[in-house]
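Accompanying notes for the structure given below.
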Amino acid sequence: MQRHLRMSDIKEVVTKLFKSNTIDVPAHRKALFDRFLQDEKNQATINEIIQNQNWLMAKWKLEDRIADIIQQPIHILNGTFGKPYESKFEFDKFKWKDITTFAFEGLEEIGLRYDEKTKQITGVPNKTGDVKFSLKFKVEGQVEEDPFNVKVFTLIVNPDPKSLWKTIDSDPHDPYWKEENVTEFAPLNGKHILVSSKRGRSHANVGSFREDDFAFADLDNGWSIVVVADGAGSAKLSRKGSSIACKSVVNYFKEELSLISLDKFDELVHEHKAIHDETTQKKVNYFVYNNLGKAAFKVHKDLEEFASNSGVRIKDVSTTLIFLLFKKYDIGFVLFSFGVGDCPMVVLNKNVTKVIPLNWIDVGEFGGATRFITMPEVFKNEKFASRFGFQLVDDFSYLILMSDGIYDPKFTVEANLVNIKKWQQFLQDLNGNNDEKVKVELTENNKDIKKQFSDWMDFWSPGNHDDRTLAIVF
């Protein structure tokens, strides 16, 4: 700071000082005023006043700058408890280049740290709610003896969404109670079936029942059957409806007359393979329609009978239904299929380069409203015959049946069901390419396969908390 100011500067400073105190120097006092300013003691005092003014201004600018930093709104990304967290925290971006030294306090207590190299706050939050941490800092102009300034931040850490869901046991004394989570692994027609049915989080949260169901069996004549049913959420006894539907299909095809009827296809399949003209195709179509149609109608009648005997409406046991019959011949595998509702089933070829849908699902066809096997109009509709399917394949890698609890989160829309890339991604998901890193090793010698599959079925998908049923034949 200047020690010897010019007379003009001194006069300007004193004049302003006098004016601020309502003192005017009249014209006839100008000479006196000049002598007053030239006095050494007065000049020393004036110099001190100027230095103090400069110090005050510098002090104010410093405190104003510190206040700006402390009050500057900074957006901190929200975190989730137990989930890896990463948020940019760049001083240059905040225009804090004048911060000379700093330290964070409170980050480690919540499981986080600041990395100066990457300019990021990272870690795994271990607390929930509005958690606090602070930045202690000094700016240019402060000296070593000055205390640190403190800027407090609030980080919102949301709870893990999974933790918000309760798991309440369903009533085991209910006459129609069934297990909430079932996973099975068994040989089936020279292959193996892995199937799991799990109560959805939305049901577990209120202590209600699993509404999905499944069944499978090897029949006595070389055929095998797999069934999946999804009870309607709006139907009060749909859990029983899906159970009846699955058992009814299997029991129907175990009956002697059904077995004998299926045996008649042995000649027809070779005729179809050899000739494969319009005549043999019609014979096949009629065979499938006749045998599977009777089974489907038997399910409807069994549900109707149960409803009548129980004093409820048939719509109270509403359920979707898909089932698949398959048998190995010397010319390949024959697949018969039937479906009502929004549960898809497909076959993937041996090297997983082609997907063949085995049913169409009731989504867009009926304006988004699914259909149930309990609806009489299903059997009277002109499209009823199109619900049956027939495929002859050399071999396959996977036969897959699922309820919409799997279809909705993993495939989203019907168009993805015919996209082989989506099925390849689905298999990669099963193989551990998922957020939870849960892997299912689909080999017959895997002793942990049931646990792995059961764990995988618990995958998290926002907004998708329905029952889940998935059957895989491989």
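Starting from residues that are within 28 Å of the chain's Cα centre (by Cα) and hydroxyl-bearing (Ser, Thr, Tyr), keep the ones in segment 220-244 and report whichever is farthest from Ser208 (Cα to Cα). Per the criteria, the residue is Ser242. Here Phe411 fulfils each of the conditions (1) in contact with a Phe, Trp or Tyr (Cβ under 8 Å, 6 or more places away or on another chain); (2) farther than 20 Å from Pro357 by Cα apart from (2).
Please determine, by comparing only the residues of segment 452-467 that are of a type outside the set (Phe, Trp, Tyr) and in contact (Cβ under 8 Å) with a residue 60 or more places away in the chain, which one is farthest from Glu211 (Cα to Cα).
Of everything passing the filter in segment 452-467, Pro462 is farthest from Glu211 (Cα to Cα).
Listed by position, the strands (runs of 3 or more DSSP E) inside segment 111-193 whose residues that are of a type in the set (A, V, I, L, M, F, W, C) number at least 2 are 129-139, 149-158, 181-188.
The set of residues from segment 67-93 being in contact (Cβ under 8 Å) with a residue 24 or more places away in the chain, aliphatic (A, V, I, L, M) and within 25 Å of Asn158 (Cβ to Cβ) comprises Ile74, Ile76. Could you please find all residues in segment 194-219 being of a type in the set (Phe, Trp, Tyr) and either outside any loop (DSSP other than H, G, I, E, B) or more than 16 Å from Asp230 (Cβ to Cβ) (or both)? Across segment 194-219, the qualifying residues are Phe214, Phe216.
For segment 97-124, a tally of residues being touching a Leu at 6+ places or on another chain (Cβ under 9 Å), of a type outside the set (A, V, I, L, M) and at negative phi returns 6. Selection of segment 84-115 for residues being under 16 Å from Ser134 (Cα atoms) and among the acidic types (Asp, Glu) yields Glu90, Glu105, Glu108, Glu109, Asp115. When segment 428-472 is filtered for residues that are touching a helix residue (DSSP H, G or I) at 6+ places or on another chain (Cβ under 8 Å), among the basic types (Lys, Arg) and outside any loop (DSSP other than H, G, I, E, B), only Arg468 remains.
Inside segment 275-296, residues that are farther than 21 Å from Val226 by Cβ and among the polar types (S, T, N, Q) make up a count of 4.
If you check Leu348, Leu324, Leu303, Leu335 for being closer than 22 Å to Tyr407 by Cα and either in contact with a helix residue (DSSP H, G or I) (Cβ under 8 Å, 6 or more places away or on another chain) or not assigned by TED's automatic domain parsing to the domain that holds Leu257 (or both), only one passes: Leu348.
Examine segment 323-330 for a residue that is in contact (Cβ under 8 Å) with a residue 12 or more places away in the chain and more than 21 Å from Ala217 (Cα to Cα), and state whether such a residue exists. No, the conditions are met nowhere in segment 323-330.
The values are calculated or read from the model by the stated rules, or taken from the named source; none is laboratory data. Note that the structure is predicted; figures quoted are calculated from it, not measured. Glycine gets a Cβ as well: all are built from the backbone with ideal geometry, and neighbour counts include every protein chain shown.
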